[in-house]
Amino acid sequence: EPSVAMDALDTIAQMRSNPDALENDKLYHSDLTYQFERSGYFALDSSSTAENLVFNRVVTLRDTWDAAPNNKNAKQPKKQNQQNNGGRKRGGGGGGQAPVVEDARRVALRAGTILEASPHPEADSLILLKLDCGDTNEDGEAEEPRTVVAGLAGKIPFNKLINRKVVCITNLKPAKMRGIESMAMLLAASNGKEGDDETVQLLDVPDSVPNGELLSFENMDEGEPDVMLKSKGALKVWDRVKSKLRVNENGEATYQDEDVVRKITTSAGPVKVSSLTDCTIS
């Protein structure tokens with residue numbers, strides 16, 4: 001899980017930046033612990049450096065991943081549909097250490113079209129959407145649209161949602177919201193105000209962009225999204241990316257990567273909002 005390395009480097013940096021902290025406020029290497037592949041719990045070793053991370057096993061778990069007996073009659077797993085969740089599984093196999101993929105490249109930001117919009121039957125603040133994310137099955141045939149639950153009730157009229165090309169995240173773990181499972185998430189900008197004073201605008205994608213297209217970040221390598229961001233460490237990836245998303249002064253969606261501001265782009269140009277500027281995206 002590449003996010004473990006990111007967390008470890010962050011912990012080391014915090015310790016180095018505040019070596020004289022009071023005893024009650026000190027940060028220790030052992031404060032960062034992870035469970036690796038059911039083999040045990042590991043804590044960051046005090047000898048770790050930014051170039052060489054060392055973890056010590058502190059608790060051993062029983063191995064329950066033994067190979068299954070060779071049974072020719074055993075049922076083989078079905079092939080997974082070619083849905084636009086992501087693409088690459090992390091970890092496992094191989095003898096070397098896989099290169100760390102930047103957080104932004106692990107999140108599957110894709111173009112999608114809203115086909116239907118209706119109120120949520122159990123929540124006044126939520127709405128139900130049918131979203132074409134370009135999903136196909138193993139034969140290349142189009143899959144059913146995804147159901148998306150969004151907190152947009154009263155923020156955007158239904159007639160301004162239908163047939164709109166938007167940005168959706170397709171590799172987050174599905175979440176049940178008031179009894180209905182949401183299979184993707186929409187990205188929208190907000191002016192940050194509360195209640196009726198809040199203005200919310202969806203991120204708009206040029207109409208010529210095909211549904212399912214993986215969006216990119218300006219001057220960054222092509223994305224390598226996880227199949228699904230569902231583990232504790234993987235979910236932190238989205239939290240970190242979300243905290244760096246903003247609309248700039250030109251109404252363009254951007255990712256503020258350290259000291260570099262990168263536009264979110266498509267094959268037909270940048271992603272924009274209709275009128276908001278200099279505000280957050282979530």
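So if each residue of separation counts as 0.36 nm, and I subtract the Cα-Cα distance between Ser47 and Lys26, what length gain in nm does that give? Let's see the in-between values first.
Details: separation 21, 0.36 × 21 = 7.56 nm, distance 1.69 nm.
Result for the pair: 5.9 nm of gain on full extension.
Do any GluC sites (Glu not before Pro) in the range 125-161 lie in a loop, going by DSSP, with at most 12 other beta-carbon atoms within 10 Å of their beta carbon, and if so which?
Working: sites: Glu138, Glu141, Glu143; in loops: Glu138, Glu141, Glu143.
For GluC sites (Glu not before Pro) across the range 125-161 that sit outside H, G, I, E and B with at most 12 neighbouring Cβ atoms in 10 Å, the list reads Glu138, Glu141.
Could you give the distance between the Cα centres of the range 149-197 and the range 109-136, to the whole Å?
7 Å
Rounded to the nearest 20 debye, what is the charge dipole size of the range 99-164 about its Cα centre when +1 sits on each Lys and Arg Cβ and -1 on each Asp and Glu Cβ? Show your work: numbers first, answer last.
Numbers: 8 positive and 12 negative charges, 103 e Å.
Dipole size: approximately 500 debye.
Hey, rough spin-label estimate for Asn250 and Lys130, points 7 angstrom out along Cα→Cβ, what's it come to in nanometres?
For the pair Asn250/Lys130, the computed spacing is 3.8 nm.
I want to check the label-to-label distance for Glu138 and Ala153. Put each point 7 Å from Cα in the C-beta direction and report it in nm to one decimal.
Using points 7 Å along Cα→Cβ, the separation is 4.1 nm.
Length gain on complete extension for the stretch Ser267 to Thr280, per 0.36 nm per residue less the alpha carbon to alpha carbon distance?
Details: separation 13, 0.36 × 13 = 4.68 nm, distance 2.37 nm.
Stretched fully, the Ser267-Thr280 segment lengthens by 2.3 nm.
So for the range 213-282, considering every pair of alpha-carbon atoms, how many percent are separated by more than 17 Å?
Numbers: 1143 of 2415 pairs.
Roughly 47 percent, once rounded to a whole number.
What is the spin-label model distance, in nm, from Glu194 to Val260 if the labels are put 7 Å beyond Cα along the C-beta direction?
The modelled label-to-label distance comes out at 3.9 nm.
Between Asp10 and Asp221, 0.36 nm times their residue separation minus their Cα-Cα distance comes to what? List each step's numbers first, then the result.
Numbers: separation 211, 0.36 × 211 = 75.96 nm, distance 2.32 nm.
Roughly 73.6 nm would be gained on extension.
Could you give the accessible area per residue of the range 170-215, probe 1.4 Å, as a whole number in Å²? Could the numbers behind the result be given before it?
Values: 2360 Å² over 46 residues.
Per residue, the range 170-215 has an accessible area of 51 Å².
First obtain the Kirkwood hydrodynamic radius of the range 166-282 from its Cα pairs, then insert it into the Stokes-Einstein equation at 4 °C and 1.567 mPa s, and state the resulting D in µm² per second as a whole number.
On the way: Rh = 15.2 Å.
Here the translational diffusion coefficient equals 85 µm²/s.
The values are calculated or read from the model by the stated rules, or taken from the named source; none is laboratory data. A quick note: this is a predicted structure, and the numbers were derived from the prediction, not measured. In this analysis, Cβ positions are derived from the backbone assuming ideal geometry, glycine residues included, and neighbour counts consider all displayed protein chains. The protein model used for the area step is the full one, side chains on, heavy atoms only, and it has no ligands, DNA or RNA in it. Shrake-Rupley method; radii C 1.70, N 1.55, O 1.52, S 1.80 Å.
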